[in-house]
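> This is the structure I have questions about; it appears just below.
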Amino acid sequence: MFDLHNNLKEVKTVAIMGHVRPDGDCVGSCLGLYNYIINNYKGIKVDVYLNPIPSCFSILQGAKQIVHYTGFDLVEDIDEFPKHIQGSYVNKEPYDLAFALDCGNKGRLGPAYSVFKNAKKTLCVDHHVGDGGFADEEYIIEDYSSTCELLYNLFDYEKIDKSAAECLYTGIVTDTGVFQYDCTTVDTMCAAGKLMDKGIDFSFLIEHCFFEKTYVQQQALGRAILKSKRVYDDKIIYSYIDADEMEELGLDTKDFEGICETLRETRGVGVAFFMYRQPDGRIKGSFRGATDVDLSKVAGRLNGGGHKKAAGFSLDNIPMEEAEDIVLKELIKGFEDR
């Protein structure tokens, strides 16, 4: 059994990081662990490394202490990492312990991997089955709703304060779609209820971190819905926003949160996917499903991965029309292979 307390014994410095383009579970798990350590292990210096986080998560305790870095590509040389830091550089000395959270593939740590690799001991806690094997010790259980639920079970409940509870609850809420996705279990609901007992404003967290959207995000959603297409007897719906539209509307990649989920809510649809172009020209995409099509396998054939009903993928710098054809071919194969 993975023992968090034993791993933190006699440790003086800890680095925490998650996957590039952090979502609610990634941010919630990183900040949840951050707050848990600084509140219960005095004398340990903790740094959190993440891509810039969606603004809705800035209300979480510790968000202002995150060391933000740019870039998405794997960086293995610690001497190269400072080039990616926004603002002052924190620490290039090897950490005693480094955590990779909500990330089953070292490449998804992006430039922060150089910090992880340089640490004296490395740990991975995740609910995605990825490549594995990149940490000294791993605690990966796919059946859990979220990495935040995994951490909840690793923490001593009596030592979880309100700040850590808010982070964990946020990650559970966002990764379960407010408890509506199939990954939600009785244990998930029990964990959420016990976190509510810590005095968190759970209704505010749900509204602010899941439902509330900026005006720009609403514009992105509107554009995506207007452009959407249905194919395969209307069982598949998809849309995309390309670089010229992003410039026109002043969109950032962080403004696309929730679009794929909304498309999937269309009556009669089994699978939705949404694509957009990243700053480096490559295409990033998301799947959401309500059928027995294993989207993790489909995404795996498209340089991605994830869960059976929620997965992500990436493609090279190609025209969107070509990307449409590639993704549809693999997705239809997924329907036919059931």
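The values are calculated or read from the model by the stated rules, or taken from the named source; none is laboratory data. Given the structure is predicted, the values throughout are model-derived calculations rather than measurements. Heads up, the Cβs are rebuilt from the backbone with ideal geometry, glycines too, and the neighbour counts pull from every protein chain shown. Each accessible area value is taken on the protein alone, full model and side chains, heavy atoms only, with ligands, DNA and RNA left out. Shrake-Rupley method; radii C 1.70, N 1.55, O 1.52, S 1.80 Å.
> Please go through the range 64-108 and pick out each residue that is among the polar types (S, T, N, Q), in contact (Cβ under 8 Å) with a residue 40 or more places away in the chain and farther than 15 Å from P22 by Cβ.
Within the range 64-108, just N91 meets the criteria.
> Which of (1) without any contact (Cβ under 8 Å) to a residue 40 or more places away in the chain; (2) open to solvent by 30 Å² or more (accessible area, probe 1.4 Å); (3) more than 18 Å from F256 (Cα to Cα) does C183 not meet, given it meets every other one?
Of (1) without any contact (Cβ under 8 Å) to a residue 40 or more places away in the chain; (2) open to solvent by 30 Å² or more (accessible area, probe 1.4 Å); (3) more than 18 Å from F256 (Cα to Cα), only one is false for C183: (1).
> Given the options R277, R338, R288, R267, name the one that is out of contact with any His (no Cβ under 7 Å at 6 or more places or on another chain), surrounded by 16 or more Cβ atoms within 10 Å (Cβ to Cβ), farther than 22 Å from D25 by Cβ and among the basic types (K, R). Even if it seems obvious, please write down each step before you answer.
Details: R338 fails: surrounded by 16 or more Cβ atoms within 10 Å (Cβ to Cβ); R288 fails: farther than 22 Å from D25 by Cβ; R267 fails: surrounded by 16 or more Cβ atoms within 10 Å (Cβ to Cβ).
Testing whether each residue is out of contact with any His (no Cβ under 7 Å at 6 or more places or on another chain), surrounded by 16 or more Cβ atoms within 10 Å (Cβ to Cβ), farther than 22 Å from D25 by Cβ and among the basic types (K, R) leaves just R277.
> Same structure, new question: Taking the criterion of being more than 24 Å from I53 (Cα to Cα), under 19 Å from the mean Cα position of the chain (by Cα) and in a strand (DSSP E or B), would at least one residue in the range 277-290 satisfy it? Quick ask: steps written out before the conclusion?
Here is the first cut: in the range 277-290, the ones more than 24 Å from I53 (Cα to Cα) are 289-290.
Of the ones still in play, those that are also under 19 Å from the mean Cα position of the chain (by Cα) are 289.
Those left that are additionally in a strand (DSSP E or B): 289.
Yes.
> Of the numbered conditions (1) buried (at least 17 other Cβ atoms within 10 Å of the Cβ); (2) within 24 Å of C148 (Cα to Cα), E207 satisfies every one except a single condition; which is it?
(1)
> Here's a check for you: in the range 109-134, which residue that is part of a loop (DSSP other than H, G, I, E, B) and at pLDDT 95 or above is most open to solvent (accessible area, probe 1.4 Å)?
In this case the residue turns out to be K120.
> In the range 60-78, how many residues are open to solvent by 70 Å² or more (accessible area, probe 1.4 Å) and under 25 Å from K162 (Cβ atoms)?
Number of matching residues: 3.
> Looking at (1) more than 27 Å from C56 (Cβ to Cβ); (2) outside any strand (DSSP E or B), can you tell me which one Y139 breaks?
Single failed check for Y139: (2).
> What tally of residues in the range 244-264 results from selecting those that are of a type in the set (G, A, S) and surrounded by fewer than 16 Cβ atoms within 10 Å (Cβ to Cβ)?
Looking only at that region, the number is 1.
> Hey, which of the strands (runs of 3 or more DSSP E) in the range 1-108, taking only ones fully inside, have at least 1 residues that are acidic (D, E) and out of contact with any Asp or Glu (no Cβ under 9 Å at 6 or more places or on another chain)?
Here the list reads 45-50.
> Still on this structure, please answer the following. Going by the conditions given, is K42 among the charged types (D, E, K, R), surrounded by fewer than 17 Cβ atoms within 10 Å (Cβ to Cβ) and under 19 Å from S163 (Cα atoms)?
yes
> Residues to consider are L151, L221, L168; find the one that is at pLDDT 95 or above, touching a Lys or Arg at 6+ places or on another chain (Cβ under 8 Å) and open to solvent by less than 50 Å² (accessible area, probe 1.4 Å).
Being at pLDDT 95 or above, touching a Lys or Arg at 6+ places or on another chain (Cβ under 8 Å) and open to solvent by less than 50 Å² (accessible area, probe 1.4 Å) holds for just one of L151, L221, L168, which is L221.
> A follow-up question, please. Within the range 292-308, can one find any residue that is free of Cβ contacts under 8 Å to residues at least 60 places away in the same chain, over 26 Å from D233 (Cα atoms), over 15 Å from the mean Cα position of the chain (by Cα) and surrounded by fewer than 21 Cβ atoms within 10 Å (Cβ to Cβ)?
yes
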